[in-house]
1. Would you kindly state how much longer the chain becomes between Leu152 and Arg221 on full extension, computed as 0.36 nm times their sequence separation minus their alpha carbon distance, in nm to one decimal?
2. Probe radius 1.4 Å, ligands and nucleic acids ignored: give me the carbon and sulfur share of the accessible area of the chain as a rounded percent.
3. Would you calculate the volume per residue, in Å³, of the smallest convex hull containing every Cα atom of the chain?
4. So for each of 135-144, 113-122 I average, over its residues, the number of other beta carbons within 10 Å; can you give me the resulting order with the highest mean first?
5. Would you grab the residues whose amide H sits under 5 Å from the one on Gly94? Only those 5+ places off in sequence or on another chain, please, with H modelled 1.01 Å from N.
6. Extending each Cα 7 Å along its Cβ direction at Arg31 and Thr117, get the distance between those two points in nm, one decimal.
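The values are calculated or read from the model by the stated rules, or taken from the named source; none is laboratory data. Small disclaimer: the values here were computed from a predicted structure and weren't measured. With ideal geometry, Cβ positions are generated from the backbone for all residues, glycine too; neighbour counts draw on all protein chains shown. Heads up: the accessible areas ignore ligands, DNA and RNA and are worked out on the full protein's heavy atoms, side chains in. Shrake-Rupley method; radii C 1.70, N 1.55, O 1.52, S 1.80 Å.
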Amino acid sequence: RSDARRETDGPVPGSGQLALRGASFSYEGGRPILEEADLRLVPGRALALIGPSGAGKSTLALALVRFLNYHGSYRLRGIEASTMSGPEVRAVVGLCEQTPHLFDADLRQNLKFARDTSSDDDLMAVLDRVGLAAWARDRGGLDARLGEHGSLVSGGQAQRIALARAILADFPVVILDEPTAGVDREVADRLLRDLLGAVPKDRAVILITHTDIPGDLPVTRLELPLRG
């Protein structure tokens, strides 16, 4: 059995932004990936779920956006997630996937996918927040093409674009799933600092990673030897 009976440090008012109590997640007809998990995460806090590749961390991310069913209790803003529709859950919890889906369109359209009412000034402001404003200007601004499946951008740039979309979508909870996969340690540490620093301070963040993270980052670390 995997044990994740941890809570973020410090006082937790009310029921928390995201709370698991005795929660178990599994694929349809499969054995549980995580059993009897207790976890609370509140706005302004960041939690790092650390474990080896293939341990089940990304599966947990899918469960938190309700692509998997659960037993026990999983609450968002005090409301049991099973009483909410999938889109309702995903309006609260935004998932930045390990390989973000980018359209074969310009940068503007890839960002407006998150909030179609955004002005060009809004888009440039969020690009500045995630450290891509200068890069965008060098490529011709918001008209820059990203290529098929983002073939014209690096993995780190794709992660920054994904986070920019999450910020535009205004998710209260943001999950960053393996954002530094495939980059070297020095670049990874810089990317993590930039990504976590770009998330608004009133949001809750779950960082999923198979590598250690810099000790000075303000996150609560949780080792998860998940199975699945």
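1. Fully extending the segment from Leu152 to Arg221 adds 21.5 nm.
2. 48 percent
3. Dividing the Cα hull volume of the chain by its residues yields 125 Å³.
4. The packing order, highest mean first, is 135-144, 113-122.
5. Val173, Val174, Ile175
6. Between Arg31 and Thr117, the label points sit 4.9 nm apart.
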